[in-house]
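K.L.:
This is the structure I have questions about; it appears just below.
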Amino acid sequence: MQTSHSSASAISRRTLLRTSLALTAAGYFGRVSFAKEARTAAKVKKELIVHSQTPLNAEPELFNLIKSPITPTEYFYVRNHGTIPTIQEADFQLSIEGMVQNPIKLSLAEIHDKFKSEQIEATLTCAGNRRFEMEAVKKVGGVQWREGAIGNATWKGPRLADILKMAGIDTSAKHVWFEGGDAVTEKDGSVAPFGGSIPLEKALEDLPGVPHSILATHMNGAPLTVEHGFPVRTVVPGFIGARSVKWLKKIVVSDRPSPNHYVADAYKLTTTSDKDVLKNATPIYSFPINGAVCLPAAKSMLKPGKTTISGYALPQGEKNGSVAKVEVSIDEGKNWTAIKFNSPCKPFTWQLWSLDVDLTPQTKSIWVRSTDSLGNVQPETTPWNIKGYMQNCWHRAAIQVQG
Ligand SMILES: Nc1nc2c(c(=O)[nH]1)N[C@H]1C(S)=C(S)[C@@H](COP(=O)(O)O)O[C@H]1N2
Ligand SMILES: [Mo]
């Protein structure tokens, strides 16, 4: 290791090194300049509904959300627990440690050069999507997400499995921890990075036609934006968004789930905040089957007659589940119309749907429920939990039709 001294030659050598590293990174991204800063608050406000500015939490309007099966990055929800770090690509280093034979550190250029990169399509959704609906039973704390804490993108980067294999996984390893480069201030004032954790089995999952877990450097064909985790994040298809850790800094292979707050205490389904109950509960991994009516928007005033309604459906994020059926009711569940899909839906990926219906002045609401290929169906009601996670019951949009 070279110690730093302030002679002119050392500085210029350092500058040179930095420049060449920066160039390598620039070459790696295929262009010299790209957004290294987060969007301005004004720009975010134009594109998303902002729930909180610091930390930034924002979701799209539903008509923007379902404009295309691939969600444009500007309309992709942003969910943060702490500050958004600005990481210089030249300084970036990812460390792989824990129960591995050879702990390794990788630069961005090495992540690019040493591994085959793979492009996947996967839907990301926050466990708190639709949380605001919990208020029908009892309001819960946290960001009051509507139906837009979901998005579908293409992601590109090396397979997590390839990186773990290079480090050599110990035979007794069972879990993989991820640590972000952000700083989250907890209620007790302590500051720690956001962390996630997934079972090793999931990290190594290799099923035909099912997207792998990757370390994404690209989203929708461009380098990750700062808000979405630049320069590297995990993308774990089928799992709640919290397991797709942004600004990834460290991977730890272990025989147990991560002790990070967001694995050990948060993202668990409990009806109390009792510490022991929380400690003993299982972390949420897969996202639940879900679906929502996006158009017309809830509370719309509509004319009677033919109207196209549309929305999204999401399969449960396990095995190779895909959307199998979407049913719509405009008479409070007495009759349901099933929507057919022309081609099989993709695993771990949402399916946008639309249906023409005849509205009458008696139509009070539009309901939707999805079924996946594993037989999971959106339930009629969601069990209340103290954090408002996994809100996935039949989605009901109240509307008014003119008489
Ligand atoms: N480092 C870090 N990673 C993170 C988070 C975070 O706060 N910090 N939030 C997580 C949660 S809860 C979700 S739902 C997704 C959201 O990803 P997005 O902001 O790219 O939509 O990122 C996850 N990864
Ligand atoms: Mo989330």
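The values are calculated or read from the model by the stated rules, or taken from the named source; none is laboratory data. It should be emphasised that the depicted structure is a prediction, and the values quoted were computed from it without experimental measurement. In this analysis, Cβ positions are derived from the backbone assuming ideal geometry, glycine residues included, and neighbour counts consider all displayed protein chains. Just the protein is used for accessible areas: all its heavy atoms, side chains included, with ligands, DNA and RNA removed. Shrake-Rupley method; radii C 1.70, N 1.55, O 1.52, S 1.80 Å.
K.L.:
Does Ala292 satisfy being on the phi < 0 side of the Ramachandran plot and touching a residue at least 24 places away in the same chain (Cβ under 8 Å)?
P.N.:
yes
K.L.:
Suppose we filter the stretch 86-121 for residues that are modelled with pLDDT under 95 and within 30 Å of Glu147 (Cα to Cα); how many remain?
P.N.:
Of the residues in the stretch 86-121, 1 are modelled with pLDDT under 95 and within 30 Å of Glu147 (Cα to Cα).
K.L.:
Quick one: in the stretch 169-191, of everything that is of a type in the set (D, E, K, R) and within 13 Å of ligand 1 (Cβ to nearest atom), which residue is most open to solvent (accessible area, probe 1.4 Å)?
P.N.:
Glu179
K.L.:
Could you please find all residues in the stretch 249-267 being touching a Leu at 6+ places or on another chain (Cβ under 9 Å), within 16 Å of ligand 2 (Cβ to nearest atom) and open to solvent by less than 10 Å² (accessible area, probe 1.4 Å)?
P.N.:
Ala266
K.L.:
Of these, Lys202, Lys246, which one is within 15 Å of ligand 2 (Cβ to nearest atom) and either without any contact (Cβ under 8 Å) to a residue 40 or more places away in the chain or outside any strand (DSSP E or B) (or both)?
P.N.:
Checking each option against the conditions leaves just Lys246.
K.L.:
For the subset of the stretch 318-348 comprising residues that are of a type in the set (Gly, Ala, Ser) and under 15 Å from Pro69 (Cβ atoms), which member is most open to solvent (accessible area, probe 1.4 Å)?
P.N.:
So the residue we want is Ser343.
K.L.:
May I pose another question? Using the structure shown, decide if Glu110 is more than 20 Å from Pro347 (Cα to Cα), open to solvent by 30 Å² or more (accessible area, probe 1.4 Å), more than 11 Å from ligand 1 (Cβ to nearest atom) and without any contact (Cβ under 8 Å) to a residue 12 or more places away in the chain.
P.N.:
Yes: the conditions hold for Glu110.
K.L.:
Could you check Phe76 against (1) away from ligand 2 (no atom under 16 Å from the Cβ); (2) touching a residue at least 24 places away in the same chain (Cβ under 8 Å); (3) within 30 Å of Gly209 (Cα to Cα); (4) open to solvent by less than 70 Å² (accessible area, probe 1.4 Å) and say which number it fails?
P.N.:
(1)
K.L.:
Among (1) surrounded by fewer than 24 Cβ atoms within 10 Å (Cβ to Cβ); (2) at pLDDT 95 or above; (3) away from ligand 2 (no atom under 16 Å from the Cβ), which single condition is Ser213 missing?
P.N.:
Every listed condition holds for Ser213 apart from (1).
K.L.:
Considering every residue within the stretch 294-308, establish whether at least one is open to solvent by 20 Å² or more (accessible area, probe 1.4 Å), under 22 Å from Val210 (Cα atoms) and in contact with a Phe, Trp or Tyr (Cβ under 7 Å, 6 or more places away or on another chain).
P.N.:
No: the stretch 294-308 contains no residue that is open to solvent by 20 Å² or more (accessible area, probe 1.4 Å), under 22 Å from Val210 (Cα atoms) and in contact with a Phe, Trp or Tyr (Cβ under 7 Å, 6 or more places away or on another chain).
K.L.:
Moving on to the next point. Any idea which of (1) in contact with a Leu (Cβ under 6 Å, 6 or more places away or on another chain); (2) open to solvent by 10 Å² or more (accessible area, probe 1.4 Å) is the one Tyr285 doesn't satisfy?
P.N.:
Here Tyr285 meets the rest and fails (1).
K.L.:
Another one. Quickly run through the stretch 52-73 and pick out the residues that are in contact (Cβ under 8 Å) with a residue 24 or more places away in the chain, in contact with a Phe, Trp or Tyr (Cβ under 7 Å, 6 or more places away or on another chain) and either under 18 Å from Val226 (Cα atoms) or open to solvent by 40 Å² or more (accessible area, probe 1.4 Å) (or both).
P.N.:
Listed by number, the residues that qualify are Glu59, Pro60.
K.L.:
Further question on the same structure: Check Ser258, Ser273 and return the single one that is of a type in the set (Gly, Ala, Ser) and out of contact with any strand residue (DSSP E or B) (no Cβ under 8 Å at 6 or more places or on another chain).
P.N.:
The unique qualifying residue is Ser273.
K.L.:
To continue, here is another question. Could you go through the stretch 11-24 and let me know if any residue there is assigned to a helix (DSSP H, G or I), open to solvent by less than 70 Å² (accessible area, probe 1.4 Å), farther than 22 Å from Gly180 by Cα and at pLDDT 50 or above.
P.N.:
Checking the stretch 11-24: not a single residue is assigned to a helix (DSSP H, G or I), open to solvent by less than 70 Å² (accessible area, probe 1.4 Å), farther than 22 Å from Gly180 by Cα and at pLDDT 50 or above.
K.L.:
Going through the stretch 349-366 one residue at a time, which ones are open to solvent by less than 20 Å² (accessible area, probe 1.4 Å), of a type outside the set (Val, Ile, Thr) and more than 25 Å from the chain's Cα centre (by Cα)?
P.N.:
Listed by number, the residues that qualify are Leu359, Ser365.
K.L.:
Still on this structure, please answer the following. Please indicate, with yes or no, whether at least one residue in the stretch 224-231 is part of a loop (DSSP other than H, G, I, E, B) and open to solvent by 10 Å² or more (accessible area, probe 1.4 Å).
P.N.:
So the first thing to find is which residues in the stretch 224-231 are part of a loop (DSSP other than H, G, I, E, B), and the list is 224-231.
From what's left, open to solvent by 10 Å² or more (accessible area, probe 1.4 Å): 225.
Checked the stretch 224-231: at least one residue is part of a loop (DSSP other than H, G, I, E, B) and open to solvent by 10 Å² or more (accessible area, probe 1.4 Å).
K.L.:
A further question on this structure: Looking at the stretch 122-141, which of its residues are surrounded by fewer than 17 Cβ atoms within 10 Å (Cβ to Cβ) and either hydroxyl-bearing (Ser, Thr, Tyr) or within 16 Å of ligand 1 (Cβ to nearest atom) (or both)? Break it down stepwise before answering.
P.N.:
Residues of the stretch 122-141 that are surrounded by fewer than 17 Cβ atoms within 10 Å (Cβ to Cβ), as a first pass: 135-139, 141.
Scanning the stretch 122-141 gives a single hit, Gly141.
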